[in-house]
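See structure below.
The values are calculated or read from the model by the stated rules, or taken from the named source; none is laboratory data. Predicted model, so just to flag it, every value in this text is computed and none were measured. All Cβ positions, glycine included, derive from the backbone under ideal geometry; neighbour counts span all protein chains shown.
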Amino acid sequence: MTTVAVSRSTVDIEVPYYQPIGNECELFEQAYRQRLPLLLKGPTGCGKTRFVMHMAAKLGRPLFTVSCHDDLTAADLTGRYLLQGGETRWVDGPLTQAVREGGICYLDEVVEARKDVTVVLHPLTDDRRLLPLERTGELLEAPASFMLVVSYNPGYQHILKSLKPSTRQRFVAKSFDFPPPALERDIVAKESGLPAQQCAALINLATRLRAMKGQDLEEGVSTRLLIYCATLIANGMPILQAAQATLVEPLSDDADVQEGLMEAVRATFGED
């Protein structure tokens, strides 16, 4: 049986901090009100998951988050019969739970899942809004409060793991990217507690490192990593050590590339 990484947020949690960049909050709310599925596209660590958490809490709906991977099957999402206390019982998967409870189901990096996952999603992404459970014989009709949200990183996926056009066209879609420099500075400062003036240097460094994407790096430095770095600095770690632990080591295992990244760090912050 595949292990499914699922997190569930309840309706009474505090609304997580999120700084809008454009009209994404309005689009999400309209999609929710009109019972439309939503597709989020963008690089790793740019805020997609935080955005969904923010909107679910704002709308007061339980959130079921699934981190998709190569072995994730449709049964992992819908449910299966398990032996419990000497009896065989049906146990709902996170997608089925979300439909029954009228929650929001968020499939992070959906293209990493096996192909049968998209098949089970199709009836939920058109006007039927149905979830067939073949093993129990049930046909669940999603209530008005149910919403399906999926995400992926189109710049990183292998061609064999891209989302089919026939699937993409079932969703309202929104592209995400890293925030503009001034806004990203404020986000990093808010999340880390590091003064905005010091965060500005980190944002300048991030711009230089992101320019290396596609050359020496598969992915540019994320806003998430900048927050990690700023958090370590705000709590007393020397800048170069914090940068190496958060902006160098996570981005590459190649010693030459790491040295190039450290050169950019030292050029920004000096040798001390």
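Quick notes
- Filtering region 236-260 to residues that are in contact (Cβ under 8 Å) with a residue 24 or more places away in the chain and either within 18 Å of residue 190 (Cα to Cα) or within 24 Å of the chain's Cα centre (by Cα) (or both) leaves 243, 247, 250, 251, 252.
- Residue 135 part of a loop (DSSP other than H, G, I, E, B), among the basic types (Lys, Arg) and over 21 Å from residue 170 (Cβ atoms): yes
- Residue ranges of helices (runs of 4 or more DSSP H) in region 147-243 with at least 2 members over 28 Å from residue 107 (Cβ atoms): 181-192, 196-210, 223-234, 239-243
Every residue, every condition in (1) surrounded by 22 or more Cβ atoms within 10 Å (Cβ to Cβ); (2) more than 25 Å from residue 20 (Cβ to Cβ); (3) touching a residue at least 24 places away in the same chain (Cβ under 8 Å); (4) more than 21 Å from the chain's Cα centre (by Cα), yes or no:
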| position | (1), (2), (3), (4) |
| --- | --- |
| 175 | no, no, yes, no |
| 191 | no, no, yes, no |
| 202 | yes, no, yes, yes |
| 205 | no, no, yes, yes |
| 217 | no, yes, yes, no |
| 222 | no, no, yes, no |
| 263 | no, yes, no, yes |
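- Every residue from region 114-132 that is in a loop (DSSP other than H, G, I, E, B), surrounded by 14 or more Cβ atoms within 10 Å (Cβ to Cβ) and modelled with pLDDT of 90 or more: 125, 129
- Single residue of 95, 59, 72 found to be surrounded by fewer than 19 Cβ atoms within 10 Å (Cβ to Cβ) and in contact (Cβ under 8 Å) with a residue 24 or more places away in the chain: 59
- Scanning region 207-240 for residues that are of a type in the set (Gly, Ala, Ser), in contact with a strand residue (DSSP E or B) (Cβ under 8 Å, 6 or more places away or on another chain) and modelled with pLDDT of 90 or more turns up nothing.
- Scanning region 157-180 for residues that are modelled with pLDDT of 95 or more and over 25 Å from residue 31 (Cβ atoms) yields a total of 0.
- Taken over region 139-153, the criterion of being under 21 Å from residue 81 (Cα atoms) and surrounded by 14 or more Cβ atoms within 10 Å (Cβ to Cβ) is satisfied by 140 alone.
- Residue under evaluation residue 187, criteria (1) in the same structural domain as residue 107 (by TED's automatic domain parsing); (2) of a type outside the set (Ser, Thr, Tyr); (3) surrounded by 17 or more Cβ atoms within 10 Å (Cβ to Cβ), criterion not met: (1)
- If you filter region 8-56 down to residues that are at pLDDT below 95 and of a type in the set (A, V, I, L, M, F, W, C), you find that the one that is surrounded by the most Cβ atoms within 10 Å (Cβ to Cβ) is 46.
- Residue 69 vs. criteria more than 23 Å from residue 174 (Cβ to Cβ) and within 15 Å of the chain's Cα centre (by Cα): yes
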